[in-house]
Amino acid sequence: MRTTINYSPNFDIKKRKQNDIKFIVFHYTGMKKEIDAIKRLTDQKSKVSCYYFVKNNGEILQLVPDLYISWHAGVSCWDNYKSINKYSIGIEINNPGHEHKYKKFTHQQVNSIIKLSKFLIKKYKIKSKFILGHSDVSPERKKDPGEKFPWKFLSKKKIAYWHNLNQKVLSKSRNLIVDKYEKKKFLKNIHKIGYSKNSKVNKSKYIKILSTAFQRRFRQELVNGIIDKECLKISENLLKND
């Protein structure tokens with residue numbers, strides 16, 4: 001895998017074992033300028049980093065060696081795993097994000113994401129359901145990589161986790177109201193998928209946060225935090241094909 005070394009000082013000194021690596025977590029930088037994002041991730045004062053950085057032109061920088069623990073996910077959890085930094089490879093993709101005119105990822109970036117992901121999946125035997133976004137593992141704090149990230153396309157390349165429902169049929173369920181039982185079923189499903197049950201905010205607010213994160217990941221055409229029958233069907237299908 002061809003990369004350019006641009007090391008960050010922001011990682012734990014103690015090494016981890018190769019079989020500790022279970023996840024890939026995608027991020028966007030959320031900054032206006034690419035050079036400023038790279039500076040921040042390599043600045044000791046920032047206390048943040050990642051393993052790989054994908055530039056607009058597709059060039060891949062390696063900031064932290066894989067067997068050290070990079071500081072990219074922060075407070076995070078998925079399934080039975082807490083502190084995802086310990087178990088993951090974090091990949092930052094340059095993109096201004098929601099606060100700075102969020103845009104589509106470039107073709108060069110997507111091609112590099114595919115190459116890098118396939119390399120890491122093979123090397124560390126990473127399961128597709130453990131290839132996630134920052135908003136999946138930290139839904140209360142993060143939106144990245146966001147609804148423009150090509151999850152569906154990546155799934156066709158056997159990189160990411162996606163449903164196999166017919167989109168035309170599925171979209172007919174969009175905005176159809178769910179009853180209390182169906183709402184509980186949806187929440188139960190997404191907790192089984194891996195989204196955390198624990199939160200510091202009130203229950204109704206957290207349900208909206210989780211629903212929004214789920215939609216950014218699996219129903220990108222409409223991200224409104226409202227649980228409908230389309231969301232329920234997607235969650236059921238994901239579990240069925242787990």
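None of the figures in this text is laboratory data; all of them are computed from the coordinates on show. Computed from a predicted structure; not experimentally measured. So basically every Cβ, Gly included, is an ideal-geometry build from the backbone, and we count neighbours across all protein chains shown.
Here are a few things to note about the model shown:
- Selection among HIS98, ASN111, TRP71 by position relative to the dipole of the stretch 4-156 gives ASN111 as farthest towards the positive end (Cβ unit charges, Cα centre).
- Sites LEU239 and GLN18 - FRET efficiency at Förster radius 35 Å, r taken between beta-carbons, to 0.05: 0.75
- Only beta bridges with both residues in the chain are counted; by DSSP, about 35 percent of them are antiparallel.
- Within the chain, helices built from complete DSSP H runs that reach 24 Å or longer along their own axis (Cα positions) and carry a mean Kyte-Doolittle hydropathy of -1.0 or higher are 107-124.
- As a calculated quantity, the FRET efficiency between LYS122 and LEU222 at R0 = 35 Å, using C-beta atoms, amounts to about 0.50.
- Cβ-derived FRET efficiency at R0 41 Å, ASN202 paired with LYS157, nearest 0.05: 0.55
- Relative contact order, percent, the stretch 167-240 [alpha-carbon distance under 8 Å, six or more residues apart]: 49 percent
- Within a Gaussian network of the chain (alpha carbon springs, distance under 10 Å), most fluctuating of PHE53, PHE214, PHE119: PHE119
- Close amide H contacts of GLY30 (hydrogens built in the peptide plane, cut-off under 5 Å, sequence separation of 5 or more or a different chain): ASN95, GLY97.
- Estimated vicinal HN-Hα couplings, Hz - the stretch 129-138 in sequence order (Karplus 6.51, -1.76, 1.60; Gly, Pro = x): 6, 9, 10, 9, x, 4, 6, 6, 8, 9
- Looking at the stretch 24-151 alone, DSSP beta bridges between its own residues are antiparallel in about 30 percent of cases.
- Cα gyration tensor shape of the stretch 54-124, rounded if a/c is under 1.5, else prolate or oblate by comparing a/b with b/c: oblate
- Answer label, with Cα extents along the principal axes in Å calculated from the coordinates and candidates (1) 49, 41, 37; (2) 52, 34, 34; (3) 88, 47, 25: (2)
- Computed from the alpha carbon positions, the gyration tensor of the stretch 167-240 leads to an equivalent ellipsoid with semi-axes of 19, 13, 12 Å, biggest first.
- Measuring spread by the Cα atoms of the stretch 17-64 yields a radius of gyration and Dmax of 12.0, 36 Å.
- For LYS22, the residues whose modelled amide H falls within less than 5 Å of its own, excluding neighbours fewer than 5 places apart on the same chain, are SER88.
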